[in-house]
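Peer 1: Here it is, the structure, as structure tokens.
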Amino acid sequence: MQLDKTGFILYTINYEACLHFYGEILGLPILYKKETLTCFDFHGSYLMVEIDDETEHTESGPPNRDRSCLRMNVLNVKEACNALDQHGISYTYMELEWGRVAKFRDPDGNLVGFRSAKEHQEDIQ
């Protein structure tokens, strides 16, 4: 099998808020847009934000455990968090043995993270 590009589909119930979050706050460029989905350039991959119209949503809320985390490698984690600060988005910043990270949530409650690109590249090598 030969892959051309990898991507992520994020099904959301807060479509417009997620478009603002990924496009305006995090600055991901839009590759294309259709009626119920928007596809962002995810720096070597793509992130498709699509209206979730197949899942029943209940008052009990989401599962009590995160099932995924969208991670973006950045040059400087603290500097990347400035965009979050400017929009009042809370996050947890950590300096761990294996690198610097910040974790935060999108408007739908999905876990998103920044990680130091340099430290990630060092892990690969």
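What follows is calculated from the coordinates using simple rules that are stated; it is not laboratory data. The model shown is predicted, which means the values in this text are computed figures rather than measured ones. Heads up, the Cβs are rebuilt from the backbone with ideal geometry, glycines too, and the neighbour counts pull from every protein chain shown.
Peer 1: Going by alpha carbons, how many degrees (0 to 90, nearest 10) lie between the helix axis of 77-86 and the longest principal axis of the chain?
Peer 2: The angle comes out at about 40 degrees.
Peer 1: Report the per residue volume, in Å³, of the convex hull enclosing the C-alpha atoms of the chain.
Peer 2: 148 Å³
Peer 1: Give the lysines whose C-alpha is closer than 21 Å to that of LYS78, dropping any in the same chain fewer than 8 places away, or say none.
Peer 2: Of all the lysines, those that pass the test against LYS78 - Cα under 21 Å, at least 8 places apart if same chain - are LYS103, LYS118.
Peer 1: To the nearest 20 Debye, how big is the dipole of the chain about its Cα centre, given +1 on the beta carbon of each Lys and Arg and -1 on that of each Asp and Glu?
Peer 2: Values: 12 positive and 21 negative charges, 81 e Å.
For this selection, approximately 380 debye.
Peer 1: Another question, if that's okay. With each run of n ≥ 4 DSSP H residues scored as -39500 (n - 2.57), what mean residue ellipticity at 222 nm is computed for the chain after dividing by its residue count and rounding to the nearest 500 deg cm²/dmol?
Peer 2: -5000 deg cm²/dmol
Peer 1: Compute the length gained on full extension between THR6 and ILE25: take 0.36 nm times their separation in residues and subtract their Cα-Cα distance, giving the result in nm to one decimal.
Peer 2: Taking 0.36 nm per residue and subtracting the Cα distance, the gain is 4.5 nm.
Peer 1: Another question, if that's okay. Sequence gap at least 6, Cα distance under 8 Å: using those rules, report the relative contact order of the chain to the nearest whole percent. Walk me through the intermediate numbers first.
Peer 2: On the way: 184 pairs, mean separation 28.6, N = 125.
In percent, rounded to a whole number, it is 23.
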